[in-house]
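I have placed the structure first, in the form of structure tokens, so that the comments after it can refer back to it.
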Amino acid sequence: MACEERPLKVFLLGATDTGKTTLAAFLAGMAVGAGLKVAVVDADVGQSEIGPPGSVGVGFADGPVERLRDIRPSFACFVGSNSPELLSFTTIAAVKTAVDRAAAASPDVIIIDTTGLVWGRTARFLKNAKIELLRPTHLVALQRDLEVEHLLRPWETLASPGLRVLRLPVSPRAVEKGRRDRRAYRERAFRQYLASAAPREFDLERTALFRTTYLTGRPMGESQVRLLADDLRCKVVHAEWLPDGVFIVARGYFELEGIERIKEREGVSEVFLTKVDRFENLLVGLLDRERELLGVGSLAGIDWRRRRATIWTPLDEEALERVAGIEFGILKVMPNGQEGGKIHPNDI
């Protein structure tokens, strides 16, 4: 690893179950053994080992490394899902922030572990955008056949100064796990993280909210909310004016024709209508005033009248006092760690 440029940035590529995480741990251990200062960015949000589940974690190896989970996390960026799909820009921003944070500590080597998403348009956009932003010195690809060549060729053809492309065969010890096994791994990680969680209440009017429309407009009065409920033929628990329309949170089924009635009466072109259950059991990130991730939790629900949220989280009292923001994810996770599907980012 003798090279004038520091830090070396080693970007790992490979499909699911090709051994990227094992390789990341091996490289980290080798570099530490050579007397180098090593940072690892765990960007595999679906099978993360450094930092809270559903986040991009940063850790510094300071001793022997057998597994990435042996590395103590020092920083994490919240993503809020078990996959970068639907959250490409959020994931890219999180990885860039994590690598910048790692680089600020002046390591000799930064190892970047990534997800197994390598096929399709999302994979092409995601991986190429990360490489473009991170400017790695090494692209290390694990592949059984040619599954990541479409990602390697543009960078290899371009012959970017300082970029080396390395291809490695997948170890015969690498075990291909099924979707059920990967889900079981994720749920076990969530269950362990939330094992000591307790329900905590947060005043949403005094807390910064990210990645949601809720409480970003001007709340409507009770009489206006009743009119909306009559239009939709359902219970409306919250509504607010937005610069580009009306945001409504409804409970139960509603009449689609009511949306047109609302547009006509209120003179708006857009009605953003969502349902209460979209906000229930969502994975959320709890942030301090510098927007650093303190931990994650499961949103039990919102008291719409009092504008307070109940979140299951293992954060201690000292950390809870520092919570200044809540970032909404798209993955539903029960307090027992069980996953419950995803919502679309535009749903809330």
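The values are calculated or read from the model by the stated rules, or taken from the named source; none is laboratory data. In this text the structure is predicted, and so the values were computed from the model without any measurement. Every residue, glycine as well, gets a Cβ built from its backbone with ideal geometry; the counts of neighbours run over all protein chains shown.
Figures for the structure shown
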| read-out | value |
| --- | --- |
| Residue that is in the same structural domain as W304 (by TED's automatic domain parsing), over 26 Å from the mean Cα position of the chain (by Cα) and of a type in the set (K, R), where the choices are R233, R211 | R233 |
| Filter result (touching a Phe, Trp or Tyr at 6+ places or on another chain (Cβ under 9 Å) and within 27 Å of P172 (Cα to Cα)) within segment 132-147 | H138, L139, V140, E147 |
| Any chance F190 is touching a Ser or Thr at 6+ places or on another chain (Cβ under 7 Å), among the aromatic types (F, W, Y), surrounded by 12 or more Cβ atoms within 10 Å (Cβ to Cβ) and assigned to a helix (DSSP H, G or I) | no |
| Helices (runs of 4 or more DSSP H) (entirely within segment 61-180) containing at least 2 residues that are closer than 27 Å to K37 by Cβ and touching a Lys or Arg at 6+ places or on another chain (Cβ under 8 Å) | 88-103, 120-134 |
| Matching option when the condition is under 17 Å from the mean Cα position of the chain (by Cα), crowded, with 16+ Cβ neighbours inside 10 Å and of a type in the set (V, I, T), among V271, V284, V276, V323 | V284 |
| Conditions (1) over 23 Å from L282 (Cα atoms); (2) among the small types (G, A, S); (3) not in a loop (DSSP other than H, G, I, E, B); number of the one not met by G35 | (3) |
| Subset of segment 196-220 (residues that are farther than 19 Å from A250 by Cβ, surrounded by fewer than 17 Cβ atoms within 10 Å (Cβ to Cβ) and charged (D, E, K, R)) | E201, D203, E205, R206 |
| Residue that is surrounded by the fewest Cβ atoms within 10 Å (Cβ to Cβ), among those in segment 56-89 that are touching a residue at least 24 places away in the same chain (Cβ under 8 Å) and of a type in the set (S, T, N, Q) | S88 |
| Residue match in segment 311-321 (condition: hydrophobic (A, V, I, L, M, F, W, C), over 23 Å from Q192 (Cα atoms) and part of a loop (DSSP other than H, G, I, E, B)) | no |
| Residue among Y193, Y253, Y214 that is modelled with pLDDT under 95 and aromatic (F, W, Y) | Y253 |
| Test: residue in segment 103-112 that is in contact with a Ser or Thr (Cβ under 6 Å, 6 or more places away or on another chain) and either at pLDDT below 95 or of a type in the set (D, E, K, R) (or both) | no |
